[in-house]
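These notes concern the structure reproduced below.
The values are calculated or read from the model by the stated rules, or taken from the named source; none is laboratory data. Quick caveat, the model's predicted, so the values are computed rather than measured. Every residue, glycine as well, gets a Cβ built from its backbone with ideal geometry; the counts of neighbours run over all protein chains shown.
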Amino acid sequence: MATIPSHALRHLTLTRPWFRKISCTTSLAFSSQDPLLTYPDNSNNNDTDHTKKTTNSKSQAFFPKKNQVLELECESLAFKGKGVCKVADSGFVLLCDNALPGERFIGRVSRKKGSYAEVTKLKTLSPHRDLVDAPCGYASYCGGCKTQNLSYEAQLRAKEQQVRELVIHVGKFSDKNPDFECIMKPIVPCDVQFHYRNKMEFSFGTQKWLPKELLHEKLDGIDNYALGLHAPGYFDKILNVDKCLLQSEPANKILATVQDNWKDPELGPSPYNVHSHTGFLKHLVLRTGRDMKTDLPELMVNFVTSSYKPEMLKPLVEKISAIPEVVSIMNNVNTSVGNTSVGEEEYTLYGKSTITESLRGLTFQISANSFFQTNTHQAEVLYKLIEDCAGLRGDASEIVLDLFCGTGTIGLTLAKKYSLLDLAKHVYGYEVVAQAVTDAHRNAKLNGISNTTFLQGDLNKIDENFGKHFPKPDIVISDPNRPGMHMKLIKFLLKLKAPKIVYVSCNPATCARDIDYLCHGVMEQNIKGCYKLKSIQPVDMFPHTPHIECVCLLELC
């Protein structure tokens, strides 16, 4: 995975400490006489019984110390779903995991990071204003669905506001500009709010995570084994999960079957121990697709193991293959000590080696390690927005450059119409992962598309020869991973001067930074911007999680 360039980190955290500038009205839940109420450090949770301390002046700057205990109110959500609280008068920002807008709580300062501090919530005093009952019993422990107990309408408001703040404070686009409200589009909701994920990855482990109230229980051997999701903040503790409301019902049926059988001493397979690097079972990856003829779900089960011992998996394979929706059981062998689910070797234990899915009228074959949009239903919406922004004339005259193309899904949908007539003259796609490029070629052939070229290349390491491998594009599609685009690529795009860029982002913070560079330039590096931001469209791809997708349209000035 690409890393954030050091210059980008400095630009975000030093020259633009946007946390200090957030335009929210948050205040501490203090009386007007006690604006800086603090509590002495105490390991007990009876925080409301602590003696109140006040400062002599309301205007005194406040910089919290580690372990200081405060009464706070959350106003909004920041990146990764952390609650934003701001100290009255000083404007100092504190971020708290699992705090939601309107919630008043007692928190302990756990870490100070210069322009802001992180807080651990100790006790809720009054719940947030849009409280709903979380339907999942794991919601308060898992960390995957941080906002499940926040109404969906409130989730959408929080995500839209987060993008807006980032565009203003990181992207440096003024909301005073009369065109701003036309540029900043309202967030697109997701109609399907549960069972929308077509891929889930679960981990096997030797240490079961338990909530505080059960820590007194002593678990040994098999009783301490777990299959589920990593507990937040732990690489070695697994929250045992029997059902996940984000994945399909057939996938939950498979998970339950594995849970019922994998610990059987007669079967023999042991979970991988991340400390001793011993054991066999590492991960269980479940993928859901569709049979193109019957439109019924078809599922792939992928066991990731530390070695190839098919006889150890045979009893599980026999039980899982009896589930009608299961059409593929794979075994990825990963001998490394890392936590990745991608194997060095891959074996088919049952059925076929791929499953299929349809997107924008095209059929895609998905292998065990393929990248594919995790929410197929909302990907239809996202790709339609990308097509609309691209605005291809439809006369097969335009060149499209598809950066970070993955398995080619965006480029292929732009290459052909539903009728399979050429939409673009040619699409050139670049992707660093070799398997993804192979999948892109296979998907093009599967759909009878010949006006595409997919190449392997690291877009963080391009040189002056990069643009010589394709004609000048009319449209650039860029869909980088979370760190955004490297400055080398941004410089290339500013020199290339394609008439239109469609920037697709899964991280609104780096998205705002990159469109700032493309539109306003980088003064300290004497780089001039040459694009105008025409629109930015937030899309909720993953309800109940902090993740936000954005589609931005930039046109050459």
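A few remarks follow.
- Qualifying position, being closer than 21 Å to ALA231 by Cα, crowded, with 16+ Cβ neighbours inside 10 Å and not assigned by the TED database to the domain that holds HIS544, among LEU100, LEU94, LEU156, LEU77: LEU100
- Options ILE477, ILE501; residue that is surrounded by 23 or more Cβ atoms within 10 Å (Cβ to Cβ), touching a Phe, Trp or Tyr at 6+ places or on another chain (Cβ under 7 Å) and under 20 Å from LEU392 (Cα atoms): ILE501
- Scanning the stretch 504-557 for residues that are buried (at least 23 other Cβ atoms within 10 Å of the Cβ), of a type in the set (Ser, Thr, Tyr) and farther than 15 Å from MET184 by Cβ yields a count of 2.
- Residue within the stretch 283-298 that is in a strand (DSSP E or B) and acidic (Asp, Glu) present: yes
- Residues being within 28 Å of ASP242 (Cα to Cα) and more than 17 Å from the chain's Cα centre (by Cα) - total across the stretch 167-194: 2
- Where strands (runs of 3 or more DSSP E) sit wholly within the stretch 78-130, those with at least 3 residues that are farther than 19 Å from PRO546 by Cβ occupy 104-112, 116-126.
- Residues satisfying the stated conditions in the stretch 217-226, i.e. free of Cβ contacts under 8 Å to residues at least 40 places away in the same chain and assigned to a loop (DSSP other than H, G, I, E, B): GLU217, LYS218, LEU219, ASP220
- Number of positions in the stretch 200-258 that are at positive phi and in contact with a His (Cβ under 7 Å, 6 or more places away or on another chain): 0
- Residue pairs meeting the criteria (Cβ under 6 Å; at least 6 apart or on separate chains; first assigned by the TED database to the domain that holds GLU387, in the stretch 421-443; second hydroxyl-bearing (Ser, Thr, Tyr)): LYS425/SER397; VAL427/THR452; TYR428/THR453; ALA436/THR407; ASP439/SER370; ASP439/THR407; ALA440/THR407
- Residue among LEU255, LEU229, LEU239 that alone is under 21 Å from ALA368 (Cα atoms) and either of a type in the set (Asp, Glu) or part of a strand (DSSP E or B) (or both): LEU229
- Test: residue in the stretch 452-464 that is within 30 Å of GLY81 (Cα to Cα), in contact with a helix residue (DSSP H, G or I) (Cβ under 6 Å, 6 or more places away or on another chain), surrounded by 19 or more Cβ atoms within 10 Å (Cβ to Cβ) and touching a residue at least 40 places away in the same chain (Cβ under 8 Å): yes
- Number of positions in the stretch 334-345 that are within 14 Å of SER307 (Cβ to Cβ) and surrounded by fewer than 16 Cβ atoms within 10 Å (Cβ to Cβ): 5
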